[in-house]
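**Student:** Before I ask anything, here is the structure I am working with.
Bear in mind these aren't lab numbers, they're just calculated from the coordinates by the rules spelled out. Computed from a prediction, not measured in an experiment: that's the story for all the values here. Every residue, glycine among them, receives a Cβ derived from its backbone with ideal geometry; neighbour counts consider all protein chains shown.
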Amino acid sequence: MSIDPGALHPDLWAAKRILVIAPHPDDATIGAGATLARLAAGGARVVVVNVTSGDRGTVDPAMEPERLAEIRQAEERLACQHLGVTEVRFLGLPDFSWLDERQVALALLGQIRQEAPDALFFPDPWLPDEGHPDHRTVGMGAAAALVAAGLPLVGAEAGQAVPSPFAVMYATSRPNLYVAAGPFWDTKLRALRAHESQFPGGLPDLLMAYWAEQSAQWKGGDGPKEALRLVSALLMHMAPQIEVRKDDRDGD
Ligand SMILES: [Zn+2]
């Protein structure tokens with residue numbers, strides 16, 4: 001029996017169709033903006049799906065949710081334009097409303113089956129300190145939809161089965177791929193500035209400086225990087241990925 005190594009070790013840069021799942025209209029930029037810009041510049045089709053409309057993401061008590069949803073949609077369109085995203089979608093579910101995971105998973109299953117992507121980006125739902133329920137629920141829903149994508153008897157109402165894409169988790173504390181941003185760091189900064197209602201004034205520059213400083217400690221050469229976790233579809237179910245520490249290997 002021979003196993004295609006690509007099935008276990010996916011190559012992000014060979015992916016031609018990228019589907020990005022974002023709980024809110026700024027998460028794709030924050031989580032993987034430079035990587036997405038690099039993929040788009042390389043000719044990949046990049047589709048961003050915003051699950052909620054981000055209509056509660058404000059500290060201004062005078063802001064109306066409907067108005068905020070409009071602002072955030074316009075900001076996301078501009079940010080995605082900067083990143084070179086092919087298409088941006090809005091599912092319009094309510095922000096911070098303790099979403100139903102089954103509803104989210106079925107909606108995302110429909111997106112996967114429509115798009116048949118090679119790679120599925122979503123926030124790591126197993127991030128230990130994640131306190132925002134939208135990030136946990138959307139991440140879990142995306143992971144479930146990925147596993148279900150190829151099973152025709154599961155969620156038949158969400159469309160015809162397609163091969164499961166590999167997972168690319170952003171906002172992860174367990175990265176296994178460090179992407180050197182190169183010129184796309186500035187692209188990410190421009191996209192972040194587009195989210196003015198979330199990051200006013202000099203906040204984008206401050207955040208980018210902090211992220212660049214943080215990433216200087218990571219592998220993968222000089223310059224700012226993004227940290228991601230790639231997992232093949234085969235390893236997204238019942239596959240304990242036990243990382244052997246150096247001390248364990250050495251037996252001391
Ligand atoms: Zn978010």
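**Student:** Only Lys, Arg, Asp and Glu count, each charged at its Cβ (+1, +1, -1, -1), so figure out the dipole size of the chain about its Cα centre, rounded to 20 debye.
**Tutor:** On the way: 22 positive and 33 negative charges, 134 e Å.
In total the dipole reaches around 640 debye.
**Student:** Continuing with the same structure: Taking springs between alpha-carbon atoms closer than 10 angstrom, which of A156, A171, A22 fluctuates most in the Gaussian network model of the chain?
**Tutor:** Ranking A156, A171, A22 by mean-square fluctuation puts A156 first.
**Student:** Moving on. Amide H of G150: which non-local residues (sequence gap of 5 or more, or other chain) have their own amide H closer than 5 Å, using H built in the peptide plane?
**Tutor:** For G150, whose amide H was placed from the backbone, the distant partners under 5 Å are V162, S164.
**Student:** Let me ask something additional. Scan around S53 for amide H atoms under 5 Å from its own, H built in the peptide plane at 1.01 Å from N, and keep only partners 5 or more places away or cross-chain.
**Tutor:** G92, L93, D95
**Student:** Between G155, G92, G221, where does the largest GNM mean-square fluctuation fall for the chain, given springs only between Cα atoms within less than 10 Å?
**Tutor:** Comparing G155, G92, G221 in a Gaussian network model of the chain, the most mobile one is G221.
**Student:** Among T29, T187, which comes first, second and so on when ranked by fewest other beta-carbon atoms within 10 Å? Working shown, then result.
**Tutor:** On the way: T29 32, T187 22.
Least crowded to most crowded, the residues run T187, T29.
**Student:** Using only the alpha-carbon atoms of the range 115-249, report the extent along each of the three principal axes, biggest first, to the nearest angstrom.
**Tutor:** 50, 46, 29
**Student:** Measuring from label point to label point, each 7 Å out along Cα→Cβ, what is the A14 to Q217 span in nm?
**Tutor:** 3.4 nm
**Student:** Using 7 Å Cα-to-Cβ label points, what is the M238/R174 separation (nm, one decimal)?
**Tutor:** 1.8 nm
**Student:** Also: So for the pair R67, A209, with labels modelled 7 Å out along Cα→Cβ, what separation do we get in nm?
**Tutor:** Taking the simple label geometry, R67 and A209 are separated by 3.2 nm.
**Student:** In the chain, what percentage of the DSSP-assigned beta bridges are antiparallel, given to the nearest 5?
**Tutor:** Numbers: 7 of 26 bridges.
So the antiparallel bridges amount to about 25 percent of the total.
**Student:** Quick one: among V85, V104, V59, which has the greatest mean-square fluctuation in a GNM of the chain with alpha-carbon springs under 10 angstrom?
**Tutor:** Most flexible of the set in this elastic network: V59.
**Student:** Let me ask something additional. Under the definition of Cα pairs under 8 Å and six or more residues apart, what whole-number percent is the relative contact order of the range 14-250?
**Tutor:** Details: 450 pairs, mean separation 55.1, N = 237.
Contact order relative to length: 23 percent.
**Student:** From the backbone phi of the range 59-67, what are the Karplus-calculated ³J(HN,Hα) couplings (6.51 cos²θ - 1.76 cosθ + 1.60, θ = phi - 60°) in whole Hz, Gly and Pro given as x?
**Tutor:** With the stated coefficients, the range 59-67 comes to 9, 8, x, 8, 6, 8, x, 5, 5 Hz.
**Student:** Helix-only mean residue ellipticity at 222 nm, the chain, DSSP H runs n ≥ 4 weighted -39,500 (n - 2.57), per residue, nearest 500. What is it? List each step's numbers first, then the result.
**Tutor:** Values: 8 runs with 98 residues, N = 252.
Helices in the chain give a 222 nm mean residue ellipticity of -12000 deg cm²/dmol.
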